Amino acid sequence: MRSPLLDLPGAVAADGIDRDVAAHYGSFNGEQRTLESGQGFVDLSHRDVIRVSGPDRLTWLHSLTTQHLESLAPKVSTGVLILSPQGHVEHAFFGYDDGESFTAHTEPGAAAALVEFLDRMRFMMRVEVADVTAELAVTWRPSATAEGPYAGYELIPRDQLTTYAEAAGPACGLWAFEALRIARGEPRLGLDTDHRTIPNEAGWIGPAVHLDKGCYRGQETVARVHTLGRPPRRLTLLHLDGSENRLPPVGADLLLGDKTVGFVGTSARHHELGPIALAMVKRNVPLDATLTVDGMPAAQEVLVDPEVGLHVRPLR
């Protein structure tokens, strides 16, 4: 669904699954500075949106997902995951309840599979699930991020997006947003993760996984790794060699010498940090090791501590 904000002066479209919004409006470095100053907004209207309504919605979602939702207060933004029986992340969505429905956004093109899964799990519960991407658009404003990791996202009527832009401007592009998102270590499902990713590897324990709640599919893996073990991989921030005028493709192999030790996800040019990327790397790779991706040296900055886990240790 092409954003009408691509018609703003200077707008240059992004590519891939983000092609329906602007990469920038003329200066992605200037737009990063605008966002870091607490001003402006980002058009993320290409993201899919779902709505869960009905009196049983929070109890039902609580039973299916990683998040504690039974007593979720209205307008409190949160992250939610749905896991496979083996604990791998299958769906990730982010939103809030308004007292009548829980509305959340997910990756472009991901709503259909999410709605299909939720519909299969309704049974006798009084809930309704709908894809409302055609009705609602996602934006992000930096002024709200102090309220929580996902509080900067807003859901607005899609037919009011142009009016919203006039009031909330200046418009800042996806490249600026991605640079700041990567720097703060917020992964995107399917880009910074793969089919084997468990929440413990991606820094989702806390923001999207509540450890003190009842049973849900995949909980055994999450709890076992958190309590007794360590995740096999860890999300890391890479500082790429800035001498190359390119960024690595999503999914590129991450090498230690000639050995593959992980893969690179999203990357961006940060106005202060230079070229950066998120990567999933084997836990036992030394933190001070210089890695290589697409022929470029890359230094690591810890996002997920390789020693995380083992919260219960045997008495000596």
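Looking at SER45, SER53, SER101, just one residue is hydroxyl-bearing (Ser, Thr, Tyr), crowded, with 22+ Cβ neighbours inside 10 Å, within 19 Å of PRO157 (Cα to Cα) and touching a residue at least 12 places away in the same chain (Cβ under 8 Å), and that residue is SER45.
Considering only residues that are of a type in the set (A, V, I, L, M, F, W, C), closer than 21 Å to LEU278 by Cβ and out of contact with any Leu (no Cβ under 7 Å at 6 or more places or on another chain), which ones fall in the stretch 215-237?
Selection gives VAL222, VAL225.
Report yes if ASN200 is of a type outside the set (Lys, Arg) and loosely packed, with under 14 Cβ neighbours inside 10 Å, otherwise no. No; evaluated as a whole, the condition is false for this residue. Of all residues in the stretch 179-214, those that are aliphatic (A, V, I, L, M), in a helix (DSSP H, G or I) and closer than 12 Å to ARG234 by Cβ total 0. Cβ-Cβ contacts under 6 Å between residues 6 or more apart (or on different chains), taken from a first residue in the stretch 289-305 that is closer than 16 Å to THR260 by Cβ to a second residue that is in a strand (DSSP E or B) and of a type outside the set (A, V, I, L, M), are listed as THR290/PRO297; GLN300/THR236.
For beta carbons closer than 6 Å, sequence separation of 6+ or different chains, a first residue in the stretch 15-33 that is free of Cβ contacts under 8 Å to residues at least 60 places away in the same chain and a second that is of a type in the set (D, E, K, R), there are no qualifying pairs.
Values in this text are rule-based calculations from the coordinates and carry no lab data. All values reported here derive from a predicted model rather than from experimental measurement. Reconstructed Cβ throughout: ideal geometry from the backbone, glycine too, with neighbour counts over all protein chains shown.
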